[in-house]
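I have placed the structure first, in the form of structure tokens, so that the comments after it can refer back to it.
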Amino acid sequence: MTGVTGISNMPPGSPMRIVVVGASIAGISAARALRRHGYEGQLIIVGSETHPPYDRPPLSKQALTAESIPDMRLDASGAIQAEWRLGATAVELDLERREVALDDGHRLAFDGLVIATGTTPRRLPMARPLGGVHYLRTLDDAHALRTDLVAATRGVAVIGGGFIGAEVAASCRARGLPVTIVDAAPLPLEPVIGPEMAELCAQVHREQGVQLRLGAAVVSFEGEERVEGVELGSGEILDADVAVIGIGVVPVTDWLTSSGVTLDDGVVCDQWLRVLGASGQPVPGVVAAGDVCRWRHPGYGEAIRVEHWENAVAQGEAAAASLVRGDAAAPYAAIPYFWSDQHGIKIQFVGRRHPGDELTIVDGAPADRRFAAEYRQDGRLVAALGFNRSSRIMRYRRSLVEAAGSGVTRVHHEIGVQ
Ligand SMILES: Cc1cc2nc3c(=O)[nH]c(=O)nc-3n(C[C@H](O)[C@H](O)[C@H](O)COP(=O)(O)OP(=O)(O)OC[C@H]3O[C@@H](n4cnc5c(N)ncnc54)[C@H](O)[C@@H]3O)c2cc1C
């Protein structure tokens, strides 16, 4: 490939410098893809965490259950040839001067910018800073939670029954700990996988010994320095020496509030992942990727944000292509996909489900915890779910991509540790 030293829409000149803010999977994927596209200019990767880039999915799984925390580092060496600014946080974006300000006082001028700052756990308003109360997003969070789980004797209250909460609960059961999931919704996960499959997930928890308190609100945490219990609206107090709060995430956009980029539950982008400015037009040379990015999906005809690993990888690659090739790059039309590991079951979901979609079990049986299910809207396949049916789900994935004619971005597994 011939070397690409320019950035689409950018005036030719030197030095060329691309800054990536966010040193996690989307940012690393973008950096790697920039080099693959032949970008030979300067590449600076800024990340708040001091750890070298690592993968998050094991944090709620093996990091809590294995004999020791596994090596989750992403292979971000060699080929990227970047200058790393780890332990530095971007605090401001100045689009007029085309600079990113860091918390250590440095300002980084850029020709191209990749915004990949991900998400952070949504905080529970009544949670006091008490020992034993945890959120789970980072490697440091996982170390702290694991230490408390090792010492726990009474039980764990998991607040929020979404994927992170469900995985943490399963990991606690694998450690032999009593666990209760508390969720305000009558059925966790229902908006994503529908009532029948959400009920099945609840059944799986129950048969694995997880207590469920659904349609329940947490009103307070008991204890002076460490949590001793969690009080529910019903008056019940759950005995717990560890509480894990997993009530969703919010995009990390605080550093962008004064920048003029359009923010709406994420950084708003067009179908080429180009960040939109206040005028609604793309800001030249600025793209976003990963959990932070809300982009106009060409297939779905609306702006969506996806909080899953494969999207972060593929979107990082697509953002890099957009930066170097502009709208000669393919619009980003990936079909959402995620997996989750709970109680020894690999749950996989591809596509998008809407209320009223028709659900059919097509292969295997839910009672065996090994099956595939289709979701159809007016007869058209829109999504599929599998329990321990990986190859079948991958076939559905290909069908959905072909049906959308999207030329969905291939995921390059070279950077992952999956
Ligand atoms: C415990 C856990 C388990 C998961 N399991 C699964 C799973 O099984 N399947 C699945 O599909 N997905 C899973 N995910 C989701 C997946 O990990 C995310 O979708 C993915 O990490 C998103 O990548 P990202 O690079 O967009 O953002 P992030 O991984 O959130 O990374 C953003 C990075 O940017 C840094 N940053 C933020 N603000 C700044 C700033 N101002 N300056 C500099 N740096 C900044 C952050 O410190 C962070 O390192 C899981 C997530 C978690 C937390």
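The values are calculated or read from the model by the stated rules, or taken from the named source; none is laboratory data. Since this is a predicted model, take the numbers as computed values, not measurements. Positions of Cβ are generated from backbone atoms using ideal geometry, with glycine treated the same way; all protein chains shown enter the neighbour counts. Surface areas here come from the heavy atoms of the whole protein model, side chains and all, with no ligands, DNA or RNA. Shrake-Rupley method; radii C 1.70, N 1.55, O 1.52, S 1.80 Å.
Going through (1) open to solvent by 30 Å² or more (accessible area, probe 1.4 Å); (2) in contact (Cβ under 8 Å) with a residue 40 or more places away in the chain; (3) in contact with a Cys (Cβ under 8 Å, 6 or more places away or on another chain) one by one, Arg296 falls short only on (2).
Specify which of the listed residues (Leu189, Leu214) is in contact with a Cys (Cβ under 9 Å, 6 or more places away or on another chain) and either crowded, with 23+ Cβ neighbours inside 10 Å or more than 23 Å from Thr119 (Cβ to Cβ) (or both).
Details: Leu214 fails: in contact with a Cys (Cβ under 9 Å, 6 or more places away or on another chain).
Sole residue among the options that is in contact with a Cys (Cβ under 9 Å, 6 or more places away or on another chain) and either crowded, with 23+ Cβ neighbours inside 10 Å or more than 23 Å from Thr119 (Cβ to Cβ) (or both): Leu189.
Per-residue answers, yes or no, for (1) touching a Gly at 6+ places or on another chain (Cβ under 8 Å); (2) basic (Lys, Arg); (3) open to solvent by 10 Å² or more (accessible area, probe 1.4 Å); (4) within 12 Å of the ligand (Cβ to nearest atom):
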residue	(1), (2), (3), (4)
Gln315	yes, no, no, yes
Ala318	no, no, yes, no
Ala321	no, no, yes, no
Arg325	no, yes, yes, no
Pro331	no, no, yes, no
Ile335	yes, no, yes, no
Phe338	no, no, yes, yes
Asp341	no, no, yes, yes
His354	no, no, yes, no
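Restricting the first member to the stretch 251-272 and to residues that are among the polar types (S, T, N, Q), and the second to residues that are open to solvent by 20 Å² or more (accessible area, probe 1.4 Å), the beta-carbon pairs closer than 6 Å and six or more apart or on different chains are Thr253/Leu263; Ser259/Leu95; Thr262/Val268; Thr262/Leu276; Gln271/Arg296; Gln271/Pro298; Gln271/Pro331.
Are there any strands (runs of 3 or more DSSP E) wholly within the stretch 330-407 with 1 or more residues that are within 13 Å of Met197 (Cα to Cα) and basic (Lys, Arg), and if so which?
Values: elements: 337-342, 345-351, 358-365, 370-377, 380-387.
Hits in the stretch 330-407: 370-377.
Do you know which residues across the stretch 108-134 are under 15 Å from the mean Cα position of the chain (by Cα) and open to solvent by 20 Å² or more (accessible area, probe 1.4 Å)?
Thr117, Thr120, Arg122
If only residues of the stretch 74-86 that are loosely packed, with under 14 Cβ neighbours inside 10 Å and either near the ligand (Cβ under 9 Å from one of its atoms) or not hydroxyl-bearing (Ser, Thr, Tyr) (or both) are counted, the one that is modelled with the lowest pLDDT is Gly78.
Can you spot a residue in the stretch 192-208 that is within 30 Å of Ala330 (Cα to Cα) and either within 19 Å of the chain's Cα centre (by Cα) or open to solvent by 50 Å² or more (accessible area, probe 1.4 Å) (or both)? I'd like the intermediate steps shown before the answer.
Here is the first cut: in the stretch 192-208, the residues within 30 Å of Ala330 (Cα to Cα) are 192-193.
After this cut, where a residue has to be either within 19 Å of the chain's Cα centre (by Cα) or open to solvent by 50 Å² or more (accessible area, probe 1.4 Å) (or both) as well, the list is 192-193.
Yes - at least one qualifying residue is present in the stretch 192-208.
Residue count for the stretch 24-41 satisfying the condition of being touching a residue at least 60 places away in the same chain (Cβ under 8 Å), part of a loop (DSSP other than H, G, I, E, B) and away from the ligand (no atom under 13 Å from the Cβ): 3. Identify all residues within the stretch 259-269 that are away from the ligand (no atom under 13 Å from the Cβ) and either outside any strand (DSSP E or B) or surrounded by fewer than 19 Cβ atoms within 10 Å (Cβ to Cβ) (or both); write none if there are none. If the condition is that a residue be away from the ligand (no atom under 13 Å from the Cβ) and either outside any strand (DSSP E or B) or surrounded by fewer than 19 Cβ atoms within 10 Å (Cβ to Cβ) (or both), then Gly260, Thr262, Leu263, Asp264, Asp265 are the ones that fit. Checking each residue in the stretch 53-62 for being of a type outside the set (Asp, Glu), touching a helix residue (DSSP H, G or I) at 6+ places or on another chain (Cβ under 7 Å) and near the ligand (Cβ under 8 Å from one of its atoms) picks out Pro53, Pro57, Leu59, Ser60, Lys61. Within the stretch 89-106, residues that are without any contact (Cβ under 8 Å) to a residue 12 or more places away in the chain have Cβ atoms under 6 Å from residues that are within 14 Å of the ligand (Cβ to nearest atom) in these pairs: Glu99/Arg107; Ala101/Val91; Ala101/Glu92; Ala101/Arg107, counting only partners at least 6 apart in sequence or on another chain. Being within 21 Å of the chain's Cα centre (by Cα) and at pLDDT below 95 is true of Tyr300. Taken residue by residue, the stretch 273-286 has at least one member that is more than 16 Å from the ligand (Cβ to nearest atom), of a type in the set (Lys, Arg), under 30 Å from Met16 (Cβ atoms) and over 19 Å from the mean Cα position of the chain (by Cα). So which residues in the stretch 218-253 are in contact with a Phe, Trp or Tyr (Cβ under 8 Å, 6 or more places away or on another chain) and over 14 Å from Arg123 (Cα atoms), if there are any at all? Once the filter is applied, which keeps residues that are in contact with a Phe, Trp or Tyr (Cβ under 8 Å, 6 or more places away or on another chain) and over 14 Å from Arg123 (Cα atoms), the stretch 218-253 yields Val227, Gly229, Val230, Glu231.
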